[in-house]
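Read through the structure below, which is laid out as structure tokens, and then see the notes.
The values are calculated or read from the model by the stated rules, or taken from the named source; none is laboratory data. Keep in mind that this is a model prediction, so the values were computed, not measured. Glycine also receives a Cβ, built like all others from the backbone with ideal geometry; neighbour counts cover every protein chain displayed. Heavy atoms of the whole protein, side chains included, go into the accessibility calculation; ligands, DNA and RNA do not. Shrake-Rupley method; radii C 1.70, N 1.55, O 1.52, S 1.80 Å.
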Amino acid sequence: MNRGEVILDIKNITKTFPGVKALTDVSFQVKKGSVHALVGENGAGKSTLIKVLTGVYKADGGGFLFKGEEAHVTKPLEAQKLGLSVVHQELKLSETLTVAENIFLGRPFMTKAHLVDWKKLREEARKLLDSLNVDLDVNREVFRLSIAQKQIVEICKAMSFQSDLLIMDEPSATLTDKELDCLFHIIDILKKQGVTIVYISHRMEEIFRIADTVTILRDGTHVATMGVEEVDRPKLISMMVGREIGDEYPKLESEIGDIALEVKNLSTKKLLHDVSFHVRHGEIVGFSGLVGAGRTETVRAVFGADKRTGGEIFIDGKQVRIQSVIDAVKHKIALAPEDRKQQGLVLIHSINYNTSIVNLDQVCTGGFLDAKKEKALAQKYIDMLATATPSTEQEVRLLSGGNQQKVVLSKWLAVDSDILFFDEPTRGIDVGAKAEIYKLMCRLAQQGKAVVMISSDLPELIGICDRIYIMREGTISGCVERADFSQERVMEYAVS
Amino acid sequence: MDKPKTLKDRLTSLIFGDYMILLPALILVVIWTVVAPNFMTYSNWMNLLRQVSLIAILAAGMFFPMLTGAIDLGLGSVVGITGIVFAKLLVDYQMNTLLAAILTVLLGAAIGAAAGILITKFGVPSFIATLGVQFIGRGMCYVITNSYPVSGLPDSIAWFGRGYLSVGGTDLIPWPVVFMFIVFAVVAFITTKTKFGRFVYTVGGNEEAAYLSGINSQAIRTSVFAICDGIGALVAVILVSRLNSGQPQGGTGWEFKAVIASVMGGASLSGGKGNAIGVALGAIFVGVLENGMTLLNISSYHQQVVQGVVLILAIMFDVYKNRRLAEAK
């Protein structure tokens, strides 16, 4: 089969779940050897489509041709054997096994005596890694690897099936820019080997950087498939959301006042040393840097969640003692953590419970919980933040990512926080909801609150922040003012 | 939900909601009423409730660690050792009954707090820490008593274990049953209306999120064991009166009966879910099951088999319910 031929021909795939039409008559073609981006908001049907292609779900109607032949797959292993593999967003590796073991998981090489042929296993794993130009010890346990390295192992695993088509489900969501370069390099190599890539991402700039073709899905229907050169960023976004969302980064100017929070020479036992920074009232300050540079650690240490070994914290010019989260809450500091599901919310509880939790006194009457007050409080922030939910009783696990983030924000606004830390607030949230989160942050700044945003998405930091600190190896390596913002400038501090 | 409820909604909430044990309990009551002629009598019900009362109170205690996702395996032994101590205080030291009862409950709470500190400060898994308490407690029962029951208790303690609450000279309700209702009323209040109760649910629902919301999660996780074992000691006090002695094997295996009652009543083994009234209904359900089988002369060996089957069915139903919820997303 030659380059330019159609490798995957999707024909009228329809899939319905009880009450939801997840895919309606979706048809498009993927050309061999291309990088084909698949975009759409959360719930647009990307995941469902992949699951149909790999046999996790059975389509109600339609089907697809793979390498020119009608494909009937009923489970992922069959798809893999055909040459169609997925690298999942949530990596599915066995953490305690080695790189080599993971690549050939469940399919070890055997010696004549029917024992595992460890030598061959390592050699074959080595060959795969070499073919991608990656230097990684095949005997290393996977839990010792960075997320980017784990992803490479996943890719090798997929390639060990001689895959002709590799679907990458949001591979960049947890990568830093440098790691992303490495991933793109690997994609280039794969492309040269004739492998076709279907690339799913929420990040526009990536699509324009690596994709040849892009398919847009919206509400389970196919909107368009076109060459990336035929489309620009605003047009792509409006096709995804079905409406003009206006400015992607709706920065609102606010009056910048006195210093709200100043941190001097913060250090922790493990990573941080001499971290000094400040945030003014009305200011949105970004924290950039590679994963592991100490951004999250800095915020947690200021918030009293992790122990400090040194450093001073000043709020409105006065030195304060923050030894625990309880102290931080007293000083009106808030943290919307990196992993909102694991750290920010009690998923099995209602919006009511999650909104009031930081200070239950606000929903008490005579010292005891008052369900009416609690409901009123939850409703107040649902209205204020336009959280989409049928009621305040809704369990937060049933909300979308953007709405969950709003519930996290509600619980901190309810206690009138003045200094708000947002750790990766838009991770995994779709374009439309992202803009809403940005607007909220800007509105908070306009009210005179001091806002800190950690993000691995540089364009978003540049779009929203007034100032960006860059961290490297546990300390602040630079600070860029809004007037001097550029990706290159920030990256320079992050890596050099 | 704010919307007016349809019949289907009501039915769904009856079958899958907080009081999901109610429907099977009612069905069982109807069956027993039909097949066991003596079942639906006042005296049988009082007998049933008295039999169930101690396990039910224990279940109310066990409910606290279960809300945080833990099980207190030491609870049965705590009943044993605190019962011995209570009996000894009365017999060997002729202590005032109320004072002795208070000291006993405090001892139970202290044992629970110790287990809680092992878990939170020293990082011992709760399964191991409370299993340790189970062995130490039971061993101490036999060491202290030389494996002989403590007897010779004053008659003044008879009323709260063997007596009835009487009105106008008629015995109305056994005192242990009265205590059961009081304990459940208090536990229901604590878990729904107090800040502490909400903290317990939050820590059980997601400890990391609780910690990052400014909740002292270690203190909460410690205190649930103190409450649980304090309630265990209260049961021990009633048990000593009921048996008119301190039995070294008292309470053996009761921690599991308490867990069964709680689980039947909808308490989740992973924490953060369940409610006190449901637990009470769960305990009564188990009591009804046992009582009916006894009336029908089913041997206690067969009864054990049935109880095991019912427990597994209850968990299967719970798993099914959770899956259904997850898919409803």
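If you go through region A:410-421 one residue at a time, do you hit one that is within 14 Å of chain B (Cβ to nearest Cβ), assigned to a helix (DSSP H, G or I), under 18 Å from the mean Cα position of the chain (by Cα) and polar (S, T, N, Q)? No: zero hits.
Counting only residues that are outside any loop (DSSP other than H, G, I, E, B), facing chain A (nearest Cβ under 7 Å) and farther than 16 Å from A:Ala414 by Cβ, region B:202-217 holds 3 of them. Within region A:356-368, being polar (S, T, N, Q) and either more than 10 Å from every other protein chain (Cβ to nearest Cβ) or open to solvent by 50 Å² or more (accessible area, probe 1.4 Å) (or both) holds for A:Asn359, A:Gln362, A:Thr365. Residue check: is B:Gly246 of a type outside the set (Phe, Trp, Tyr), over 17 Å from the mean Cα position of the chain (by Cα), on the phi < 0 side of the Ramachandran plot and surrounded by 23 or more Cβ atoms within 10 Å (Cβ to Cβ)? Yes: the conditions hold for B:Gly246. State whether one or more residues within region A:451-469 are modelled with pLDDT of 85 or more, crowded, with 18+ Cβ neighbours inside 10 Å, in a helix (DSSP H, G or I) and among the hydroxyl-bearing types (Ser, Thr, Tyr). No - not one qualifying residue is present in region A:451-469.
Taking region A:30-80 only, how many residues are within 27 Å of A:Val241 (Cβ to Cβ) and of a type in the set (Gly, Ala, Ser)? The qualifying residues number 10.
Within the set B:Thr68, B:Thr41, B:Thr33, the sole residue that is of a type outside the set (A, V, I, L, M, F, W, C), touching a Lys or Arg at 6+ places or on another chain (Cβ under 8 Å) and over 19 Å from B:Thr252 (Cα atoms) turns out to be B:Thr68.
What about B:Leu269, is it within 14 Å of chain A (Cβ to nearest Cβ) and open to solvent by 30 Å² or more (accessible area, probe 1.4 Å)? Judged against the criteria, B:Leu269 is a match. Of all residues in region A:322-355, those being within 30 Å of A:Pro390 (Cβ to Cβ) and more than 8 Å from chain B (Cβ to nearest Cβ) number 11. Only one of the listed residues (A:Lys32, A:Lys81) is open to solvent by 20 Å² or more (accessible area, probe 1.4 Å), modelled with pLDDT of 90 or more and of a type in the set (Lys, Arg). That residue is A:Lys32. For region A:59-78, name all the residues that are surrounded by fewer than 18 Cβ atoms within 10 Å (Cβ to Cβ) and in contact with a Ser or Thr (Cβ under 7 Å, 6 or more places away or on another chain). Correct list: A:Asp60, A:Gly61, A:Gly62, A:Pro76. Within the set B:Phe86, B:Phe122, B:Phe127, the sole residue that is in a helix (DSSP H, G or I) and out of contact with any Gly (no Cβ under 9 Å at 6 or more places or on another chain) turns out to be B:Phe127.
Over 30 Å from A:Val346 (Cα atoms), hydroxyl-bearing (Ser, Thr, Tyr) and at pLDDT 95 or above - does that describe any residue in region B:113-130? Among the residues of region B:113-130, not one is over 30 Å from A:Val346 (Cα atoms), hydroxyl-bearing (Ser, Thr, Tyr) and at pLDDT 95 or above, which makes the answer no. Within region A:290-300, restricting attention to residues that are open to solvent by less than 40 Å² (accessible area, probe 1.4 Å) and part of a loop (DSSP other than H, G, I, E, B), the residue that is farthest from the other protein chains (Cβ to nearest Cβ) is A:Ala293. For A:Glu95, state whether it is surrounded by fewer than 14 Cβ atoms within 10 Å (Cβ to Cβ), in contact with a Phe, Trp or Tyr (Cβ under 6 Å, 6 or more places away or on another chain) and not β-branched (Val, Ile, Thr). It is true that A:Glu95 is surrounded by fewer than 14 Cβ atoms within 10 Å (Cβ to Cβ), in contact with a Phe, Trp or Tyr (Cβ under 6 Å, 6 or more places away or on another chain) and not β-branched (Val, Ile, Thr). Which one of these does B:Val237 not meet: (1) away from chain A (no Cβ under 14 Å); (2) touching a residue at least 24 places away in the same chain (Cβ under 8 Å); (3) over 21 Å from B:Val124 (Cα atoms); (4) open to solvent by 50 Å² or more (accessible area, probe 1.4 Å)? Checking B:Val237 against (1) away from chain A (no Cβ under 14 Å); (2) touching a residue at least 24 places away in the same chain (Cβ under 8 Å); (3) over 21 Å from B:Val124 (Cα atoms); (4) open to solvent by 50 Å² or more (accessible area, probe 1.4 Å), the one that fails is (4). Every residue in region A:110-136 that is surrounded by 15 or more Cβ atoms within 10 Å (Cβ to Cβ) and among the acidic types (Asp, Glu), please. Within region A:110-136, A:Asp117, A:Glu124 meet the criteria. Being more than 14 Å from every other protein chain (Cβ to nearest Cβ), out of contact with any Pro (no Cβ under 8 Å at 6 or more places or on another chain), assigned to a helix (DSSP H, G or I) and surrounded by 22 or more Cβ atoms within 10 Å (Cβ to Cβ) is a description that does not apply to B:Ile220. Checking each residue in region A:137-156 for being without any contact (Cβ under 8 Å) to a residue 40 or more places away in the chain, open to solvent by 20 Å² or more (accessible area, probe 1.4 Å) and not in a loop (DSSP other than H, G, I, E, B) picks out A:Arg144, A:Gln149.
Scanning region A:322-355 for residues being open to solvent by less than 60 Å² (accessible area, probe 1.4 Å) and under 21 Å from B:Lys273 (Cβ atoms) gives a total of 13. Selection of region B:173-196 for residues being open to solvent by less than 70 Å² (accessible area, probe 1.4 Å), free of Cβ contacts under 8 Å to residues at least 12 places away in the same chain and more than 14 Å from chain A (Cβ to nearest Cβ) yields only B:Ala185. The helices (runs of 4 or more DSSP H) located wholly in region A:29-115 that include 3 or more residues which are of a type outside the set (Asp, Glu) and under 21 Å from A:Lys15 (Cβ atoms) occupy A:46-53, A:76-82.
Is there a residue in region A:262-275 that is surrounded by 23 or more Cβ atoms within 10 Å (Cβ to Cβ) and over 27 Å from the mean Cα position of the chain (by Cα)? Yes, region A:262-275 contains a residue that is surrounded by 23 or more Cβ atoms within 10 Å (Cβ to Cβ) and over 27 Å from the mean Cα position of the chain (by Cα).
Exactly one residue among B:Tyr320, B:Tyr301 is outside any loop (DSSP other than H, G, I, E, B), open to solvent by 70 Å² or more (accessible area, probe 1.4 Å) and under 24 Å from B:Val34 (Cα atoms), and that residue is B:Tyr301.
Taking the stated definitions as given, is A:Ala371 farther than 24 Å from B:Lys273 by Cβ, more than 7 Å from chain B (Cβ to nearest Cβ) and either open to solvent by less than 30 Å² (accessible area, probe 1.4 Å) or not charged (D, E, K, R) (or both)? In short, no. The requirement of being open to solvent by less than 40 Å² (accessible area, probe 1.4 Å) and more than 17 Å from A:Thr221 (Cβ to Cβ) is not satisfied by A:Val52.
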